[in-house]
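Structure first, then comments.
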Amino acid sequence: MYEEIRARVALVRSGLSGVDYALNPYVGCEHDCVYCYGPYVTKRDRKNWGRIVRVKRNLPYILSKEIKRVRGIITIGTVTDAYQPAERKYEITRMCLRVLHRANVGIRILTKSSLISRDIDMLEKFQDIHIGVTITTLNPEVSKVIEPNSSLPAERLKALIDMPKNIVRYLFVGPIIPEVFSVDDVIEAVQRLGGSGLDYIIFDKLRVRGDIYERLSLILRDVGLSLPDISGLNRYYRNIKANILKALSDYNIPIFFEF
Ligand code: SF4
């Protein structure tokens, strides 16, 4: 269900490294990933997070006013996906891109949607732009249960491959979920992207908030996977870093860990 709202502010200061401001065209996210901690960050009702999406109809207008006194890097979609299905109808992200391009700022976008390909004509005009797609698994069956309304992993990779060469491209592998994560999937993704240029990879762990771990455990049982006891998570993440570094040592790609 979509609810149109009037935003009072467009840009908020971001605490993310290398980013100055965050711009979120929507409140809530139809992708409805089971592991999403967006509702906890934004203090929204978890039940409605993927069911009710609030559309900031006036965002491009407010942004056009605020951008006059702003310089730096802007990330579009920090607690929502800027290319979730609502964007197909409302085009808020696309209208914001137009404003941001006129202001000559740098932008960063991370998405789980191939809809981003629609805006290549706008994205290729930016001088300073990084586009990333998220991969948690390359298994479409598993992806369908944990991130039900996003594009399939192969479609996301294809969207990244199709990005023009002047765009910095990255892979965001996360959250790394025990039993779901496979370093072979990462290698396969790197090989698929290799020819088109992959500039860096970011890895992130699962952010356990509220009942995320319990819900993930339940839903993964549907595809025959069983999560280990939560008490072993820290050790798992310590070991996985070494495995990732070893597996990717033959590829000359910068790697960053957010944990
Ligand atoms: S795409 Fe991102 S914001 Fe949307 S539900 Fe998934 S994790 Fe949350």
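The values are calculated or read from the model by the stated rules, or taken from the named source; none is laboratory data. Just so you know, these numbers come straight off a predicted model, no measurement behind them. Cβ placement follows ideal geometry from the backbone for every residue including glycine, while neighbour counts extend to all protein chains displayed. Please note that ligands, DNA and RNA were not included when accessible areas were found on the heavy atoms of the full protein model with its side chains. Shrake-Rupley method; radii C 1.70, N 1.55, O 1.52, S 1.80 Å.
Brief remarks on what is shown
- Whole-percent carbon and sulfur share, accessible surface of the range 101-229, 1.4 Å: 48 percent
- Per-q log10 I(q)/I(0), the chain, q = 0.11, 0.12, 0.15 Å⁻¹ (Debye; single scatterer per alpha-carbon; no solvent): -0.59, -0.71, -1.13
- For the chain, DSSP calls about 15 percent of its internal beta bridges antiparallel.
- A 1.4 Å probe over all protein chains sorts Met95, Met163 by accessible area into Met95, Met163, starting with the largest.
- Among 170-183, 199-212, sorting by the average number of other beta carbon atoms lying within 10 angstrom of each residue, highest first, gives 170-183, 199-212.
- Excluding same-chain neighbours fewer than eight residues apart, the lysines reachable from Lys241 by a Cα-Cα span under 24 Å are Lys112, Lys205.
- Segments 147-154, 132-139, 234-241 sorted - mean Cβ within 10 Å per residue, highest first: 132-139, 147-154, 234-241
- Packing, as the average of other Cβ atoms within 10 Å across residues, places the peptides 50-57, 246-253 in the order 50-57, 246-253, highest first.
- Here the sum of -39500 (n - 2.57) over DSSP H runs of 4 or more residues, divided by the residues of the chain, equals -9500 deg cm²/dmol at 222 nm, to the nearest 500.
- Once the 1.4 Å probe is applied to the protein heavy atoms, the range 1-63 comes out at 54 Å² accessible per residue.
- Straight-distance crosslink candidates among aspartates and glutamates, where the alpha carbon sits under 14 Å from Lys56 and sequence neighbours closer than 8 are dropped: Glu3, Glu4, Asp81, Glu87, Glu91
- Considering only the Cα atoms of the range 1-140, their convex hull presents on average a projected area of 8.4 nm².
- Quarter of Cα convex hull surface for the range 133-224, i.e. mean projection, nm²: 6.0 nm²
- Cysteines (scope the chain) whose Cβ has no counterpart Cys Cβ under 4.7 Å: Cys29, Cys96
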